[in-house]
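Since the structure comes first, as structure tokens, the remarks are kept for the end.
Here, each number is a calculation from the coordinates, and none is a lab measurement. Predicted, not measured: the structure shown is a model, and the values here were computed from it. With ideal geometry, Cβ positions are generated from the backbone for all residues, glycine too; neighbour counts draw on all protein chains shown.
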Amino acid sequence: MNKPLHHFFTTDHRRLDELLERATEHPGQIRMEFYHAFRTGLLTHIKMEEKVLFPAAQEANGGVPLPIQGKLRLDHGALTALMVMPPTPALIKVILRVLEEHDRLEEEPGGMYEACEALAQDRTEEILEVLRQTTEVPVHPPNPSPKAVGAAKRALERAGLGDLALLL
């Protein structure tokens, strides 16, 4: 089975992985140009899923959200909150842990991408065109305030990742 939506999103996952790896390839140092590209790329990826892919799949599913959609949305909220904070080794560790499980839920056989692909197969080209035209999410400079850290911790807890909040 040809899986163009699955391919589109997993290719983007690998691109984001590479950006984060390049940002952190030197221990104790974060290369901000790569971290900024990762940050805007991740937020844009989330935007594509939340504004294009998930609604298309839900519409094709008779208006009913897919079962895993709620968990992925909570993860997206946590990742978005984490992107507000300045990067530190602890934050990078938390981001990597969230993405590892999150990406698995999307990419695995029977996961979100495969389900979306099956439901929206008659609209695949239309969806891909909208995805390709998605604009990059603008970001503010990282915010080191205790409020930003608190918001990130609460978002992790809502996503069932409260153990990771302890690392921040």
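Quick notes on this one:
- Contour excess over end-to-end distance, with Cα ends at I68 and N143 and 0.36 nm allotted per residue: 23.9 nm
- Acute angle (nearest 10 degrees) that the helix 32-48 long axis makes with the longest principal axis of the chain, alpha-carbon atoms: 30
- Within the shell of other residues whose beta carbon sits under 9 angstrom from the beta carbon of K3, the net charge comes to -2, with Lys and Arg scored +1 and Asp and Glu -1.
- Region 4-165 has equivalent-ellipsoid semi-axes of 28, 17, 14 Å, by the square roots of 5 times the alpha carbon gyration tensor eigenvalues, sorted largest first.
- Extension gain, E25 back to E125 (0.36 nm per residue minus Cα-Cα distance, nm): 32.3 nm
- Estimated FRET transfer efficiency (D163, K51; beta-carbon r; R0 35 Å; 0.05): 0.70
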